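For reference, the structure discussed in these notes is given below.
The values are calculated or read from the model by the stated rules, or taken from the named source; none is laboratory data. Computed from a prediction, not measured in an experiment: that's the story for all the values here. Reconstructed Cβ throughout: ideal geometry from the backbone, glycine too, with neighbour counts over all protein chains shown.
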Amino acid sequence: MYRITFQQIHYFLAVAKTLNFTEAAKSLYISQPALSKQIVVLENELGFSVLKRNKRSVELTSEGESLYKDWSILENMMNSSIYNAKLLKRKTVGKLSIGCTDTFSIDEALSKLIFNYQSNYPNIDIDLGSYGFRTLREQFNNGDLDVIFLPDFECVNYKDVNRLYFQKVELCIAVSTAHPFSKKEHVTIEDLKDQPLIAISPKESVIGVGKIKDYCRMHGFEANIVKYVSNLNSLLLGVKNSIGITICDSKIKDPNIKTFLLDKQPEDSDIYVLWKSKLDHAELDLFLDELDEMLQAEEDNDQE
């Protein structure tokens, strides 16, 4: 059994059609070295050359010409079968309830995912909501939410679930532009000693508050938390009004707040997707397929 992927076949067909690695690479949105490497991998698996190449030209070998003819038909058949299958899926009618944390900004990536999903399955109704950590847990455990997006450190509060990495998060120190720190080019955790801090309430996330306290202790001082709030908007409102400083998602954008990236980023603040492991839900399965496609495309782009 030959270990040949459809991606390798697609790459070969692109080169065979143009007989030019540069043009083929551009049409595939990958680098020329990456394309050349995949062709070599394909030839090694086949045990023969499919291309004759030198510094001036690229030609098909007789074996390559035969494969080009047959594999072109194969690719057309595959694309046609996928299209027909998607037409069947587009007829799916149902509802999907999605929840996300309102403490971290995932609007751009989530909007892209939902747009693709609704484009492919327009008959599925999406109910999307943004919640505090406590409400998110309650809604999910009650079965009111099918899938949720939340930071890694909160996942310990959920049992019998599947999870999948979704998005990188970078944390920052956020201060009011009226605060003397805003005139600095760099602010560290050590600078927060004796400074008033604002944090998400332990009623929302005991773990989140504990993370801030532990982080401060690691740097030699106790966190001086003067105010607890329930959501990101209240957190930023407190910062803008000089009630205190906070540590939050670096994606926040506010002309009255200046941010400084943490020197050392925590490893458990990235966003994950969670869904119940025993949930039988066709609309959710389609959503997860869409999510997997998006993440795979992003991974391929990063590798290029």
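Brief remarks on what is shown
- One residue alone among SER242, SER277 is of a type in the set (S, T, N, Q), over 25 Å from ASP107 (Cβ atoms) and exposed (fewer than 13 other Cβ atoms within 10 Å of the Cβ), and that residue is SER277.
- Residue in the stretch 287-297 that is touching a Pro at 6+ places or on another chain (Cβ under 7 Å), among the hydrophobic types (A, V, I, L, M, F, W, C) and closer than 20 Å to CYS100 by Cα present: no
- A residue that is over 30 Å from LYS95 (Cα atoms), of a type in the set (D, E, K, R) and not assigned by TED's automatic domain parsing to the domain that holds LEU113 cannot be found anywhere in the stretch 269-279.
- Residues located in the stretch 268-282, provided they are under 13 Å from PHE140 (Cα atoms) and of a type in the set (Val, Ile, Thr): VAL273
- Complete set of residues in the stretch 177-205 that are assigned to a helix (DSSP H, G or I) and surrounded by 13 or more Cβ atoms within 10 Å (Cβ to Cβ): PHE181, SER182, ILE189, ASP191, LEU192
- So ALA25, is it assigned to a helix (DSSP H, G or I), closer than 22 Å to ILE73 by Cα and modelled with pLDDT under 90: yes
- For the stretch 215-226, the criterion of a residue being touching a strand residue (DSSP E or B) at 6+ places or on another chain (Cβ under 6 Å) and touching a residue at least 60 places away in the same chain (Cβ under 8 Å) is satisfied by no position.
- Scanning the stretch 99-120 for residues that are closer than 24 Å to GLU204 by Cα and modelled with pLDDT of 90 or more yields a count of 2.
- Residue within the stretch 238-254 that is outside the structural domain of PHE104 (by TED's automatic domain parsing), farther than 30 Å from GLY94 by Cα, of a type outside the set (Gly, Ala, Ser) and part of a helix (DSSP H, G or I) present: yes
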